[in-house]
Each structure stands twice: as C-alpha cells, then as structure tokens.
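Where a number appears in this text, it was derived from the coordinates with a stated rule and is not lab data. Remember, it's a predicted structure, so these values are computed and weren't measured experimentally. Note that each Cβ is placed from the backbone with ideal geometry, even for glycine, and that neighbours are counted across all protein chains shown.
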Amino acid sequence: MENQLLIYNTLTRKKEVFKPIIPGHVGMYVCGPTVYGHAHLGHSRPAITFDLVFRYLIHLGYKVRYVRNITDVGHLVADADEGEDKIAQKARVEKVEPMEVVQTYTNSYRHNMEQLNVLPPSIEPTATGHIIEQIELAKKLLEKGYAYESKGSVYFDVQKYSNDFEYGKLSGRKIEDLQANTRELDGQDEKHSGLDFAIWKKAQPEHIMRWPSPWSDGFPGWHTECIAMSTKYLGEKFDIHGGGMDLMFPHHEAEVAQSCASLGHESVNYWMHNNMITINGQKMGKSLGNFITLDEFFEGKHQLLEKPYSPMTIRFFMLQAHYRSTVDFSNEALQAAEKGLERLMKAVVLLENIKPSNKSSVDVDKLETDCYAAMDDDFNSPIVIANLFDGVRMINSINDGKAAIDEPGLTKLKKLFSDFVFNILGLKGDDESASGSNDTLNDVVNFLLNTRLDAKAEKNWALADKIRDALTKLGFEIKDKKDGFEWELRG
C-alpha cells in the first residue's frame with residue numbers, strides 16, 4: 001500500500017508530506033521527563049503520542065532511531081536560570097543523594113511506561129551522561145560570538161543571535177514584544193539581557209551537582225542538554241523533534257537558536273507538539289490539588305477519582321483525542337473510554353471465532369483504506385478508532401448472521417484489527433477485561449462448555465443444566481448457537 005504521510009510541522013504551521021532525510025530511515029528525538037517525582041497524567045500524553053508515531057513509522061517499514069532523554073540535572077525550580085535544581089531540591093528534602101532521586105523516579109517512570117504499553121526508545125540518554133558534549137557546544141557558541149562568559153557562567157546572547165537569525169520563529173513570538181515584557185536588569189545581574197539563557201551555570205558553594213569546566217565548577221543549562229544529545233545521536237540534521245506544547249517556548253525555541261548559531265542551520269525538519277491535559281477544565285497542577293500520578297490512577301487512590309482506571313483505559317482515553325487537541329480529564333470521560341475499550345476488545349475476541357462463508361457482503365477493503373487514510377493524516381487516532389468501531393459493527397453483524405464474510409475477507413479483517421488495535425494503537429487486553437484476556441480462564445470455561453455440549457448430545461440434561469447454572473452463578477453469560485456457544489464474563 002502506498003502511503004503519503006502528512007505531519008503538522010509546528011515550525012511552518014501547516015501539514016507537510018513526510019520526507020525523511022535518509023530514505024527508509026527516521027531519526028526522532030522527544031523530550032523526556034525531569035525525574036524528580038512520580039510520573040503524572042501529563043507525562044502520559046507525550047509518551048503515548050510519540051509511541052503512536054514510533055509504532056506507525058515502524059509499521060510503514062521505516063527503520064527508526066527513537067531518542068528520548070532523561071533530564072537529571074540543570075532543570076531549575078520555576079524553569080528559570082536562578083534558584084535550585086529540581087532534583088537537588090528533592091534530594092535535600094528527602095535527605096538522599098541526587099542520583100538516588102534520579103534512579104528512583106527513572107525506575108518508576110519506566111515502570112509506568114511499561115504499564116501503558118509504551119515501547120522503550122532506541123536510546124535513552126541522560127543529561128549527566130553528556131556533560132562533555134554540552135561543554136563542547138558552549139565552546140562552539142562562544143567561538144562564534146553567540147554566547148558570552150559572565151562570572152563563571154556562560155549565557156546565550158539572544159540579541160546578537162536575533163541580528164543574524166529569527167528568534168521566536170518556532171513559537172511565533174517577536175523579539176520586540178519579548179523585550180518589552182522583560183524586566184530591566186540592574187548592573188549586578190550576570191546577563192546582558194533578561195532574554196538570555198544559561199548554557200553553563202557556575203555552581204554556588206551549596207550546590208551538590210557540579211562538574212569542572214573551562215569557566216567554573218558548575219552544571220549545564222536545561223536548554224542546552226537536548227540539542228547536545230539529539231545531534232550526537234541523530235546527526236546535525238534529523239527528521240522529527242517532539243514534546244509537549246508547554247516546551248515550545250522557551251525550551252524548544254532555545255534549541256532552534258543554539259542549532260542555528262552553532263551549525264549555521266536548523267537541526268530539525270519536523271517539529272511536533274502534543275497539546276495539554278486539563279482536569280475538569282483546569283490546568284493540572286499541584287497548587288490546584290488536581291495533580292494525579294499514574295500510580296494513583298491505576299490504584300484509584302486520589303480524592304478526584306471515583307475508581308481505579310487501568311493503564312489501557314488511560315491509553316485508549318488519550319488516543320480518542322488528536323494529539324494536537326486538548327484532553328480534558330473527568331471520571332465520566334474515563335468511564336466512557338473504559339466501556340469503549342471493552343467493546344472493542346470483545347469484538348477482537350469475537351472475530352477469532354467467526355467462521356467464513358462462501359460469499360461476502362461486507363467491504364473490508366474500504367475499512368482498511370479508511371484506517372490508513374486517518375493515520376496518514378497527521379496520526380489521526382480518533383478517526384482510526386471511529387473506523388475500527390465501524391469494523392466492530394461489521395463483526396457483530398457477521399456474528400449475528402446479518403452479514404457474511406468470505407475467507408480472504410476474514411483473513412484481511414483479522415490482520416487489520418491485529419495491526420491497528422495492537423501494533424499501531426498499542427492496546428492490549430487487561431487481566432480484568434473481557435473474556436479471552438486470560439488464557440487459562442478461557443481454556444477452563446471452554447472445557448466446561450464443551451463438556452456441556454457432550455452432555456446435551458448424550459441427553460444428560462441434568463449435567464448440562466448443572467454446568468450452565470454454575471457458570472451463570474459465577475457471572476458468566478452463556479449463549480447457545482447452532483454451531484456451538486459463546487460466553488463472556490459480565491463486569
């Protein structure tokens with residue numbers, strides 16, 4: 001199947017035909033978490049968004065190098081160039097070493113991603129593992145005149161850069177407006193301008209996380225880490241850079257500036273940004289009391305949650321909205337997603353038991369075309385899901401004898417659902433979900449119902465009724481058919 005994949009490029013603000021730099025290969029970099037706390041609902045949005053992109057590119061046959069970093073130093077409180085490192089602050093509060101904080105929450109994040117069925121990236125670099133690369137980038141920016149040293153720290157000169165390049169082109173901001181809204185700095189400040197950002201910061205005596213450099217014992221600036229790591233593993237020019245919309249300015253804008261200043265050109269061909277998550281219409285945040293970790297979702301241990309929600313419910317809920325749209329959490333929305341996922345998975349189980357006919361009255365080809373067209377249109381997962389539910393109705397009609405499907409059509413339909421439900425959308429059956437998700441349970445129930453069929457054939461009605469009544473009492477719904485039976489475990 002020929003695919004013309006369209007990607008919305010944040011830089012140009014339009015959909016563009018995806019043309020990788022090296023045919024058949026894709027380099028993708030996504031900003032990962034700062035590991036100073038447990039992953040929350042907001043962390044799941046970029047993880048699931050770019051997992052979908054990763055999975056689909058692989059499905060189309062591309063060889064993908066997916067790099068997703070771990071920020072373990074340099075991200076200061078309030079996202080500024082002053083104050084305490086978020087990880088160092090957490091270490092001070094918990095009275096542990098900073099790297100213990102990093103390891104604890106990196107392990108927790110990876111576990112949550114595994115629960116959400118997010119594939120691990122090809123490379124997962126850390127900022128602390130690439131201090132040398134960041135120092136070398138600072139040297140290059142100093143040599144080219146786009147950075148300056150001040151009191152042991154190194155800052156990027158935004159005004160100097162804007163004389164030669166366009167600062168603000170990614171986020172749509174104008175430097176004149178930014179300057180007008182930036183406070184005047186007194187003579188004691190290290191920066192030439194409030195717009196300048198740190199490439200390297202001199203560590204104060206109490207600062208634990210520090211490394212030697214030509215300018216001071218210090219640590220890298222947050223905005224420098226990603227550009228150093230992305231170009232190391234993907235080259236000076238690569239295909240896709242992703243992350244949350246909240247990173248567009250100043251973080252990603254600073255990356256664009258540093259790549260142009262150090263290399264003379266932009267590093268990224270396609271910028272992709274997922275939108276934010278709100279809770280009952282409000283931005284999620286600790287100060288509002290609506291900050292919910294993924295573990296709290298999975299266990300139902302938060303005052304805003306009516307019940308626990310499985311990782312696959314969270315994933316399906318996210319995929320029901322386009323990645324560039326805002327997602328508003330509510331218990332009602334999650335419970336609707338839970339029911340929709342259950343319906344989809346029941347159809348998958350049902351599909352495996354359908355017997356082909358000599359003729360077909362359903363159009364699987366159109367369903368396949370529609371699913372690929374949706375994914376090719378900027379990874380439109382909600383339209384894919386809507387198309388799959390057309391397939392669910394098709395499966396139910398065939399099962400009820402209201403439609404027919406021949407063997408080639410059935411083979412294609414099974415492959416279509418396998419490809420899109422499991423391989424592309426990355427969904428899977430939870431242990432607590434519809435029948436068929438537990439192989440042992442499935443085998444036991446089928447054995448009992450086949451024994452019941454044998455009893456009925458021998459006119460042993462007492463045994464047949466006993467098996468049916470026992471399973472019904474346990475919550476199983478049994479449906480007798482001409483060629484056998486169907487069953488499901490009621491929730």
Checklist outcome for this item: Any GluC sites (Glu not before Pro) in the stretch 372-481 that lie in a DSSP loop and have at most 10 other Cβ atoms within 10 Å would be 458
Checklist entry - If you stretched the chain out fully between residue 177 and residue 119, how much longer would it get, using 0.36 nm times the residue separation minus the C-alpha to C-alpha distance? => result 16.8 nm
Checklist entry - Check residue 242: other-chain or 5+ apart residues with amide H under 5 Å from its amide H, H built from backbone geometry? => result 29, 30, 31, 272
Checklist entry - Given H placed 1.01 Å from N in the peptide plane, which residues other than close sequence neighbours of residue 40 have an amide H under 5 Å from its amide H? => result 294
Checklist entry - Taking the simple approach of a point 7 Å from Cα along Cα-to-Cβ for both residue 3 and residue 422, what is their distance in nm? => result 1.8
Checklist outcome for this item: Residue-ordered couplings for the stretch 54-59, obtained by feeding phi - 60° into the Karplus form 6.51 cos²θ - 1.76 cosθ + 1.60 and rounding to whole Hz (Gly and Pro as x), are 4, 4, 5, 4, 5, 4
Item to check | Distance in nm between pseudo-label sites at residue 307 and residue 21 (7 Å out along the Cβ direction from Cα) | outcome: 4.9
Next on the checklist: Relative contact order for the chain: what percent, with Cα pairs under 8 Å and sequence separation of 6 or more?
Outcome noted: 15
Item to check | Farthest toward positive dipole pole in the stretch 242-371 [+1 Lys/Arg, -1 Asp/Glu at C-beta], among 311, 344, 273 | outcome: 344
Checklist outcome for this item: Ordered by number, the trypsin sites (Lys or Arg not before Pro) in the stretch 337-415 that occupy a DSSP loop and have at most 14 other Cβ atoms within 10 Å are 359, 402
Checklist entry - Once phi is turned into θ = phi - 60°, what whole-Hz ³J(HN,Hα) does the Karplus curve with 6.51, -1.76 and 1.60 give for every residue of the stretch 308-319, x standing for Gly and Pro? => result x, 10, 6, x, 6, 5, 4, 4, 4, 4, 5, 6
Checklist entry - Just in the stretch 1-104: which trypsin sites (Lys or Arg not before Pro) are loop by DSSP and have at most 15 other Cβ atoms within 10 Å? => result 13, 95
Checklist entry - What's the extension gain from residue 451 to residue 13 if we count 0.36 nm per residue and subtract their Cα-Cα distance? => result 151.4 nm
Checklist entry - Restricting to the stretch 6-274, what percent of DSSP beta bridges are antiparallel, rounded to 5? => result 45
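Expected output is a single nm value to one decimal: the length gained when fully extending between residue 474 and residue 339, i.e. 0.36 nm times separation in residues minus the C-alpha distance. What is it?
Working it through step by step, the gained length comes to 46.5 nm.
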Checklist entry - Measuring from label point to label point, each 7 Å out along Cα→Cβ, what is the residue 111 to residue 159 span in nm? => result 5.1
Item to check | Above-threshold pairs, the threshold being 27 Å between Cα atoms, out of 428/456; 307/473; 14/201; 346/415; 90/144 | outcome: 428/456; 14/201; 90/144
Item to check | Note, ³J(HN,Hα) from phi for the stretch 222-239, Karplus 6.51, -1.76, 1.60, rounded to Hz, x at Gly and Pro | outcome: 4, 6, 8, 4, 5, 5, 5, 6, 5, 6, 5, 9, 10, x, 5, 9, 9, 7
Checklist entry - Separation of the stretch 75-143 and the stretch 258-309 by C-alpha centroid, Å? => result 17
Item to check | Structure-derived Kirkwood radius over Cα pairs in Å: which label, when the choices are [x] 23.7; [y] 22.2; [z] 25.4 | outcome: [z]
Checklist entry - How much FRET efficiency would the formula 1/(1 + (r/R0)^6) give for residue 189 and residue 94, where r is the Cβ-Cβ distance and R0 is 22 Å, rounded to 0.05? => result 0.10
Checklist entry - Hey, which lysines would be in cross-link range of residue 301, C-alpha to C-alpha under 19 Å, not counting anything within fewer than 8 residues on its own chain? => result 286
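Pull up the DSSP beta bridges for the chain and report the antiparallel fraction as a percent, rounded to 5.
In the chain, DSSP labels about 50 percent of beta bridges as antiparallel.
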Checklist outcome for this item: Long-range amide H partners of residue 478, meaning residues 5 or more apart or on another chain whose placed amide H is closer than 5 Å, are none
Checklist entry - Which whole-number percent is the relative contact order of the stretch 279-424 (Cα, under 8 Å, 6+ apart)? => result 22
